[in-house]
Amino acid sequence: MAVRASLNLTRTSFSHEAAINWFPGHMAKGLKQMRDQMRTIDLIIETRDARIPLSSINMEFERLVGSKDRLIVYNKADLAPIEIQRTVQEEMAKRQQRAIFTDTNKSVSQILDVAVDIAKRDPVKYPQFSIMVVGMPNVGKSSLINALRRTGVNRGKAASTGAKPGVTRAVSSKIRVFDKPPVYLLDTPGVMMPHIPDTMTAIKVALTGKFG
């Protein structure tokens, strides 16, 4: 029997209600290393995925960062509709939170400008300025660090990158990305939320390659 042309096979709901739990040992270890390093850090760059600006928020980082100065970077902006970017920028501005959209090519210098500006305000307090880059797996943290290093000191790749999540599995040693004032970055392993209760959030996270 011929299938009617008007038949709509689009799925509009998902009945799977089981929570997603994916938190390998290296993530727990990495999170502890981040906490241990936090007292030496002057700025947190939290990297999110511009394609899923809400679903790539990890509440673990809210607890980790605390009152530390923070810059939100939405990476892979070239893959996200400009309308989404405008909406997110407006919302972040209302919350007085700095946010930059980048694809590791455009706007990278703006990220450096934020760090350099803070460091120059008080050279005594910041003889060297240290940044920790955090984010969920496969949001492009290491690629961002390499782009910042290339832009700031015109040097090559310092952080390992890959198409799959979990390439970085421990907090790195300091990577210099600017000379005057001296600015250093720490790369960190991608850390998932230990528990994702919302099915749609889990689907978005999975479709953008955050699970190993």
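Just so it is clear, none of the values below were taken in a lab; they were calculated from the coordinates. As the structure is a computational prediction, the values presented were derived from the model and not from experiment. Cβ coordinates were reconstructed from backbone atoms using ideal geometry, including for glycine residues, and neighbour counts include every protein chain displayed.
Results, tabulated for the structure shown:
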read-out	value
Distance violations [Cα-Cα > 31 Å] among LYS68/LYS157; LYS94/LYS180; LYS94/LYS174	LYS94/LYS180; LYS94/LYS174
Karplus (6.51, -1.76, 1.60) ³J(HN,Hα), θ = phi - 60°, over region 129-145, in Hz, Gly and Pro reported as x	9, 10, 10, 10, 9, 10, x, 6, x, 6, 9, x, 4, 5, 5, 5, 4
Aspartates and glutamates with Cα under 13 Å of LYS76, excluding same-chain neighbours fewer than 8 positions away	ASP49, ASP103
Viscosity 1.567 mPa s, temperature 4 °C, Stokes-Einstein D of region 84-156 from Kirkwood C-alpha radius, µm²/s	93
Förster radius 25 Å - calculated FRET efficiency between SER67 and LYS32 (Cβ-Cβ, nearest 0.05)	0.80
Under 5 Å, built H, 5+ apart or other chain: amide partners of GLY135	THR47, VAL191
Built amide H within the under 5 Å cut-off of VAL183, gap 5+	PHE129, VAL177, PHE178
Ranked by how many other beta carbons lie within 10 Å on average, peptides 176-185, 44-53 from highest	44-53, 176-185
Amide proton proximity set for LEU71, modelled H, under 5 Å, gap of 5+	ILE44, ILE45, GLU46
